[in-house]
Amino acid sequence: MLETVLKLALVAAAFAVLPLVVGQIEHKVMAHMQGRLGPMYAGRFHGWAQLVADGVKFAQKEDVVPAAADRRVFKLAPAVALIPYLLVLLVIPVGPGGQVALELGVGLFFALAVMGVGVIGAIMAGWASANKYSLLGGMRVAAQLMSYELPMVFAASSVAMAAGTLSLGGIVAEWRWWWLPWQAVGAVVFFVAGLAELRRPPFDMPVADSEIIFGPYTEYGGLRFALFILAEYAGIVVLCALTTVLFLGGWKGPFLDVELGWLWTLLKVFVLAFLVIWLRVSYPRMREDQLQKLAWAWLVPLSLAQLALTGVLKVVAG
């Protein structure tokens, strides 16, 4: 019982801290890449207080609920968008020897299924806002999720087929370094599809402030709006952690896998998080037709090809 409580406490602490760290890193990386002054000087020493300033800003904003809104659903939507990522963290192993809060034999499909629940929060927000533009934004979020869920699941299934298990810990245990070139296409498909599901730039058309006034979140302000932003950063942590576990060997490193496994996992997660931020800064937003074309004309065929290649190699090796 004590071990279970300790694991849950560590997961809760990671869920509370890691998204904020990624948010702070994003401020700094974008400030360096784009020459932004604010995040570099807030609080003097290298802009350490920028995240605090953002928190104070959100806390000071008025919490307004539209008169015609479904108040109960409107208030519940931010939690529905955020909590699924906490559940996914429960099944992600950070090191060998049971360093996972909950070991599931079907951990991979559990993680993918629960991640898909987050879109319900966006749909709830759009529908409950009593705003036709918010509702349209929610529908576009759902359409994007449906398009990119398929290649994401296919790419993840390729790794599960190669490892012969749906357990995330089992996949890491079976992972070998020569999987890197073999599963490279699947890794790219999984990562890109995950970014699209999170509506991260350049895949942020459904929630872009300049396109459809921030999509389903138009009527949100204050701390409720901050929860949606926090859900985005929590999603980045979860996506990078899943990519690390499935395609980069998880806790396996060049040395001391058992002693420093958790450190290798965190290093890989933050390298991927930097890549997410770099993509946001470097590439322009895609149009809606380009989003759908990328999913159906490129990612789905590539993920199917990766799945077929894995099947062929498994049969030959067997």
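Side notes on the structure shown:
- Vicinal HN-Hα couplings computed from phi for the range 139-151 (Karplus, 6.51 cos²θ - 1.76 cosθ + 1.60; Hz; Gly/Pro x): 5, 5, 4, 5, 5, 5, 4, 4, 5, 9, 5, 4, x
- Contact order for the range 1-121, expressed relative to its length and based on alpha carbon pairs under 8 Å spaced 6+ residues apart, stands at 23 percent.
- Relative contact order (%) - the chain, alpha-carbon pairs under 8 angstrom, separation at least six: 24
- Here's the list of aspartates and glutamates a cross-link from Lys61 could span, going by alpha-carbon distance under 13 Å and ignoring same-chain residues fewer than 8 apart: Glu219.
- Two-site FRET efficiency, Ile213 against Arg44, from Cβ-Cβ distance with R₀ of 45 Å, rounded to 0.05: 0.80
- Taking 0.36 nm per residue of separation and subtracting the current Cα-Cα distance, fully stretching the chain between Leu275 and Leu20 would add 90.1 nm.
- For the range 6-46 versus the range 301-315, the inter-centroid distance based on Cα atoms is 38 Å.
- When peptides 246-255, 287-296 are sorted by average Cβ neighbour count within 10 Å, with the highest value leading, the order is 246-255, 287-296.
- Three-way shape label, the range 2-317, alpha-carbon gyration tensor, a/c 1.5: prolate
- FRET efficiency for the Ala297 to Met30 pair, using the beta carbon distance and R₀ = 41 Å, is estimated at 0.85.
- Net length available on complete extension from Leu150 to Trp177 is 7.1 nm, with 0.36 nm assigned per residue and the Cα-Cα distance removed.
- A protection proxy built from the mean count of other Cβ atoms within 10 Å ranks the segments 82-95, 265-278, 48-61, most packed first, as 82-95, 265-278, 48-61.
- Carbon + sulfur, % of accessible area of the chain - ligands and nucleic acids excluded, 1.4 Å: 72
- Acute angle (nearest 10 degrees) that the helix 71-89 long axis makes with the longest principal axis of the chain, alpha-carbon atoms: 20
- Spin-label model, Arg287 to Val5: label points 7 Å out along the Cα-to-beta-carbon direction sit 5.9 nm apart.
- The range 189-256 and the range 120-143: distance between their alpha carbon centers, rounded to Å: 18
- For the range 1-86: span of alpha carbons on each principal axis (Å, largest first): 47, 42, 21
- Over the chain, DSSP H runs of length four or greater, each weighted -39,500 (n - 2.57), average out per residue to a 222 nm ellipticity of -23500 deg cm²/dmol.
The values are calculated or read from the model by the stated rules, or taken from the named source; none is laboratory data. These numbers were taken from a predicted model, which means no experiment stands behind them. With ideal geometry, Cβ positions are generated from the backbone for all residues, glycine too; neighbour counts draw on all protein chains shown. These accessible areas exclude ligands, DNA and RNA; they are computed on the full protein's heavy atoms, side chains included. Shrake-Rupley method; radii C 1.70, N 1.55, O 1.52, S 1.80 Å.
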